Amino acid sequence: MTETTTSATRVTWSLDTKWWWDALEGGELLVPSCGSCGNRFFPPQAFCPHCGSEDWHGATTDGTGKVYSWVVIHHPFSPEFRDAVPYAIVAIDLDDGGRLIGRYIGDPTTLRDALPVRVKLWQQSGQTLLGFQPRG
């Protein structure tokens, strides 16, 4: 498996996920979508986790959805995040199918079940990362 990592917060990618990170870096959010069963899934992987098919492609999404779950981080996992705590990581059910995980861009105390959100790409250490902010 090919992996790359250059700093404590740099994302490690594999051959299965590199296309997704490249699209995100280009400002495009794609979600793996199975050509056999029609389900969307995340994270990108070699086979559809629903039916086992290798017949899938990256489908566009507008990145809107609702908060499914979240966790608030109070202790930074890396010194680069010490000034950011507390922050939240959210699981989002996309309106057009699939569930993504990303950083909540906003005050973690405003999070609630089914909060409508939209994608918000953000930068850390020169890398584009996936985030979500409240719609409105």
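Scanning the range 69-92 for residues that are closer than 26 Å to R40 by Cβ and exposed (fewer than 15 other Cβ atoms within 10 Å of the Cβ) yields S69, V71.
Entry remark, the range 34-56: residues being in contact with a Pro (Cβ under 9 Å, 6 or more places away or on another chain), more than 16 Å from L24 (Cβ to Cβ) and surrounded by fewer than 15 Cβ atoms within 10 Å (Cβ to Cβ) number 1 in total. For D93, indicate whether it is in contact (Cβ under 8 Å) with a residue 12 or more places away in the chain and closer than 16 Å to D62 by Cβ. So D93 passes the test. What number goes with the only condition from (1) part of a strand (DSSP E or B); (2) in the same structural domain as W20 (by TED's automatic domain parsing) that S69 does not pass? With (1) part of a strand (DSSP E or B); (2) in the same structural domain as W20 (by TED's automatic domain parsing) applied to S69, the lone miss is (2).
So that you can scan it fast, the table gives a plain yes or no per residue for (1) farther than 25 Å from A23 by Cβ; (2) out of contact with any Cys (no Cβ under 9 Å at 6 or more places or on another chain):
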{"residue": "W56", "(1), (2)": "no, no"}
{"residue": "A59", "(1), (2)": "no, yes"}
{"residue": "G63", "(1), (2)": "no, yes"}
{"residue": "Y68", "(1), (2)": "no, yes"}
{"residue": "D95", "(1), (2)": "no, yes"}
{"residue": "G102", "(1), (2)": "no, yes"}
{"residue": "D113", "(1), (2)": "yes, yes"}
{"residue": "V117", "(1), (2)": "no, yes"}
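A quick yes/no check of all residues on (1) of a type in the set (A, V, I, L, M, F, W, C); (2) assigned to a strand (DSSP E or B); (3) farther than 17 Å from T61 by Cβ; (4) at pLDDT 95 or above:
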site	(1), (2), (3), (4)
F77	yes, no, yes, no
A84	yes, no, yes, no
D113	no, no, yes, yes
Q123	no, yes, yes, no
G136	no, no, yes, no
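The values are calculated or read from the model by the stated rules, or taken from the named source; none is laboratory data. This structure is a prediction, so every number in the text was calculated from the model and none was measured. Reconstructed Cβ throughout: ideal geometry from the backbone, glycine too, with neighbour counts over all protein chains shown.
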